[in-house]
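See below for the structure under consideration.
The values are calculated or read from the model by the stated rules, or taken from the named source; none is laboratory data. Every value quoted in this text rests on a predicted model; they were computed, and no experiment measured them. Cβ sites come from the backbone with ideal geometry, for glycine too, and all protein chains shown count toward neighbours. The protein model used for the area step is the full one, side chains on, heavy atoms only, and it has no ligands, DNA or RNA in it. Shrake-Rupley method; radii C 1.70, N 1.55, O 1.52, S 1.80 Å.
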Amino acid sequence: MPDITLAMVALLCLAALAAGWIDAVVGGGGLLLLPVLLLGLPSGTPAAHALGTNKAVAIVGTTGAAVTYARKAPVDVRTAVRIGLAALAGSSAGAFFAAGMSTEVLKPVIMVVLLGVAAFVILRPAFGTAPAPGPATRRRVLAAIGLAGLGIGFYDGFIGPGTGTFLVLALTAVLHLDLVTASATAKIVNCCTNAGALAMFAWQGAVLWRLAALMAVFNLAGGMLGARTALKRGSRFVRVVLLTVVFALVANLAYEQWLA
């Protein structure tokens, strides 16, 4: 366990709980959890340790949410697993290149990506409100494997925050899923990306295991609760949560970058 105060440990656990709920509803729990880890860990801690610990926490909550969704949502598990295997390879490659990533590089990149997500969702008000009729074509499945699997998987290993959100958006756009089904599918894929990235970070010794284990308990509770909330409230609720989370985090990161 790193040398941090009890109050900071409590804050990290609460952040893990909230991140688990957010991640299950709309993805992107790492957009909350990673900045808190970057701020909460002692100065001088390598950014890779925050990234690796984030993965160790997130995989637990993501797995809990995936199981909850799979029991009740109409998920095409076969397609999700195929995308997930590609994502595992992509995230492993991304994590390999992330060891030298500077904390100062992370925040501006995350802000730019978040603003792009917000603009897309605002300009497409009907996005993800209803699924397309019939199963996805082979071409669309292959496109999802390339974009959501290899592409977003690499991003997840390399930087990480927002992966769940980007998976939801990509799966909704490419496979024409509604937002709830896309969230459910994204959880299965995200389990694979987390596993690939975590394996690489663990191999590099960049995971704070005791802190991660404590935070993971809270993340699991948040993930299972968030999945139940999304299933009950539907796609419009998911969209509102998505935009709220995006703008809150952009404001927070901008403050830390230029005003704090």
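Evaluate region 220-239: report whether one residue or more is within 19 Å of Leu11 (Cβ to Cβ) and of a type in the set (Val, Ile, Thr). No, region 220-239 has no match at all. Residue count for region 41-85 satisfying the condition of being within 16 Å of Ala19 (Cβ to Cβ), of a type in the set (Gly, Ala, Ser) and in a loop (DSSP other than H, G, I, E, B): 0. Considering Leu41, Leu51, Leu31, the condition of being crowded, with 24+ Cβ neighbours inside 10 Å and out of contact with any Leu (no Cβ under 6 Å at 6 or more places or on another chain) is satisfied by Leu51 alone. Restricting attention to region 170-204, the residues that are over 23 Å from Met224 (Cβ atoms), open to solvent by less than 10 Å² (accessible area, probe 1.4 Å) and in contact with a Phe, Trp or Tyr (Cβ under 9 Å, 6 or more places away or on another chain) total 0. Filtering region 205-233 to residues that are charged (D, E, K, R) and either more than 30 Å from Thr137 (Cα to Cα) or crowded, with 24+ Cβ neighbours inside 10 Å (or both) leaves only Arg210. Being under 22 Å from Val109 (Cα atoms), assigned to a helix (DSSP H, G or I) and either hydroxyl-bearing (Ser, Thr, Tyr) or touching a residue at least 60 places away in the same chain (Cβ under 8 Å) (or both) holds for only one residue in Val245, Val189, Val238, and it is Val245. If you filter region 69-81 down to residues that are at pLDDT 85 or above and open to solvent by 10 Å² or more (accessible area, probe 1.4 Å), you find that the one that is nearest to Cys191 (Cα to Cα) is Val81. Residue-level analysis places Gly84 outside the set of residues that are open to solvent by less than 50 Å² (accessible area, probe 1.4 Å), in contact with a Gly (Cβ under 6 Å, 6 or more places away or on another chain) and either of a type in the set (Lys, Arg) or modelled with pLDDT of 80 or more (or both). Is it the case that region 29-39 has a residue that's closer than 21 Å to Asp178 by Cβ, touching a residue at least 60 places away in the same chain (Cβ under 8 Å) and not polar (S, T, N, Q)? Yes.
Among all positions in region 87-101, there is at least one residue which is closer than 30 Å to Arg236 by Cβ and either open to solvent by 40 Å² or more (accessible area, probe 1.4 Å) or in contact (Cβ under 8 Å) with a residue 24 or more places away in the chain (or both).
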